[in-house]
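See structure below.
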Amino acid sequence: MTPDLRIYNTQTRQIETFTTIEPGVVRMYVCGVTPYASAHVGHGMSAIVFDTIRRYLEHRGFRVRHAQNFTDIDDKIILRAAREGTTPQAMVERLIAEWLEDTDSLNILRATVYPRVTQEIPAIVAMVDGLIARGHAYAVDGDVYFRVRSFPSYGKLSHRRLDDLLSGARIEVDERKDDPLDFALWKAAKPGEPSWDSPWGQGRPGWHIECSAMCAAHLDGAVDIHGGGADLIFPHHENEIAQSEAFLGREPFARFWVHNGLLQLSDQKMSKSLGNMVRIREIAGRGLAPAFRLMVLQSHYRAPLTYTDDGLLAAENGLDRLRAAARAAAPNDGEGGAGAGSNVAALAAEAETRFHAAMSDDFDTPGAVAALFDLGRAINRHGASGGATADVDAARGTLRDLAGILGLPLSDTGADAADSDAAPFVDLLLDLRNQLRAAKQWAIADAVRDGLAERGIAVEDGPTGSTWSWARRDA
RNA sequence: GGCGCCAUAGCCAAGCGGUAAGGCACGGGUCUGCAAAACCCUGAUCGGCGGUUCGAAUCCGCCUGGCGCCUCCA
């Protein structure tokens, strides 16, 4: 039997049993990106984390309504577009297309909807208007600010007190605001900026309001899971709560606040503003996107993870191990003792149980992955020992299925070798080489293997014949 | 200054009161013409000091060292 699903909630700081507003349906909103530069691996980590959560929820039988926004208008976009001599719209379109390519490469399922700020202006204006009407916001010179003091529970997500925030002294003082902590819902347009009509004049939305409006428009106002990187807890998510709950007049706006730890690069947060980023397309271009996914999954989603190239390559090696174990047709030698005793079927069932126990416990993907590796070893151990090959095949199926839940495809990477234009020629070379081997012409046979290796083709000799595959690009 | 997180074998990383998962790398074996793969074997008492407990990596306190948020950020 499958254990209850338990998830850590940032707001309560506790692991709670997961329940939904509507039975069988999960409304999940994950803060997306502001497309003003290529996505880096930190964004990739977040996308992988929430994609894995979504996949597991779906595996558990939930229908997941997954919304991820694009903040397609803001200061940085305007600035960057101007610098590049293009329009904000053109740049945004290009980068959104890039984002979808990048997330595809990481095997991220497409969200149910990708709302964009610029397409939600009426809903945003309506919400801002409603907040003014309820006394939670006020307009000044074309700007509109949320009155933080009007929302008594402000700070409940990030566990801050207003007085502590004030003493931070890093809040710029704006005389026009009633209170230094008040934040913008609507910003008056400056000359030349993209802008929209509103009751307060030409302008555009503030940073936080979009997500509230989109949750209202696309997920019926309240959500079961609201996610994002840990750096969004304050002020972004705190402000979202204030806006949404003040507007809706009820709580909670989100039942589970889920935040992933941040990816670090050389012991420092990776961030677009710091410029210390590694782009997703760089690793995808090296064929290491699946390895990156495994690297992320081998650490708990709430813990920070340091990105290193060594770590990435280590994950690739581990992934190869899983792929080999899952490969059905490979009649590996490896006549390990195996023997009777434990049987694969039982070990597969055990791995599955461990997998679900781990995933149900606040998405402990490292534990789930460990179960996968153990199952892989059990398969390899029994693989060649004759016996119940049907059980071994079934275990391979279990391994592939469980890995699939994590978004790790283990299916034959050998397929692309067979499809390659070079295949007939490589096959011919291997055929000739095996004739040489039969004649014990080792030196020439090895020269062929070495020559192929130099050209990126790895050859392996097994008891039933030789196989080849494209070696990983670069290394 | 305020709030919070982390510190486990060479590296990465689980663990949530009962005597340390998993991955990578290293070394020794088996198999192999060789190589590769696979399998087997080998390694930590959990940053330091106190405390609570029959019992703590797991709870509490202090210290040391990292990091995050408080400003745009996944």
What residue, of A:ALA222, A:ALA216, is away from RNA strand B (no atom under 16 Å from the Cβ), of a type in the set (Gly, Ala, Ser), under 24 Å from the mean Cα position of the chain (by Cα) and under 26 Å from A:ALA188 (Cα atoms)? A:ALA216
Looking at this structure, is A:VAL92 in a helix (DSSP H, G or I) and crowded, with 20+ Cβ neighbours inside 10 Å? yes
Scan the stretch A:11-27 and give yes if some residue there is assigned to a strand (DSSP E or B), within 14 Å of A:VAL258 (Cα to Cα) and within 8 Å of RNA strand B (Cβ to nearest atom), otherwise no. yes
What's the total number of residues in the stretch A:21-54 that are farther than 16 Å from A:LEU95 by Cβ and surrounded by fewer than 19 Cβ atoms within 10 Å (Cβ to Cβ)? 5
At least 3 residues that are farther than 24 Å from A:VAL369 by Cβ and of a type outside the set (A, V, I, L, M) in each: list the strands (runs of 3 or more DSSP E) lying fully within the stretch A:194-306 that qualify. A:203-205
Answer from A:ALA126, A:ALA139 - the residue that is in contact with a helix residue (DSSP H, G or I) (Cβ under 7 Å, 6 or more places away or on another chain) and either part of a helix (DSSP H, G or I) or over 29 Å from A:ARG255 (Cα atoms) (or both): A:ALA139
It is to be established whether one or more residues within the stretch A:156-178 are touching a helix residue (DSSP H, G or I) at 6+ places or on another chain (Cβ under 9 Å) and away from RNA strand B (no atom under 12 Å from the Cβ). yes
Taking the stretch A:443-461, which residues are more than 9 Å from RNA strand B (Cβ to nearest atom) and of a type outside the set (A, V, I, L, M, F, W, C)? A:ASP450, A:GLY451, A:GLU454, A:ARG455, A:GLY456
Here are some residues: A:THR464, A:THR413, A:THR389. Which one is modelled with pLDDT under 90, more than 12 Å from RNA strand B (Cβ to nearest atom) and more than 30 Å from A:LEU305 (Cβ to Cβ)? A:THR389
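The values are calculated or read from the model by the stated rules, or taken from the named source; none is laboratory data. The structure presented is a predicted model; accordingly, all values stated were derived computationally and were not measured. Backbone-built Cβ (ideal geometry, glycine too); neighbour counts: all protein chains shown.
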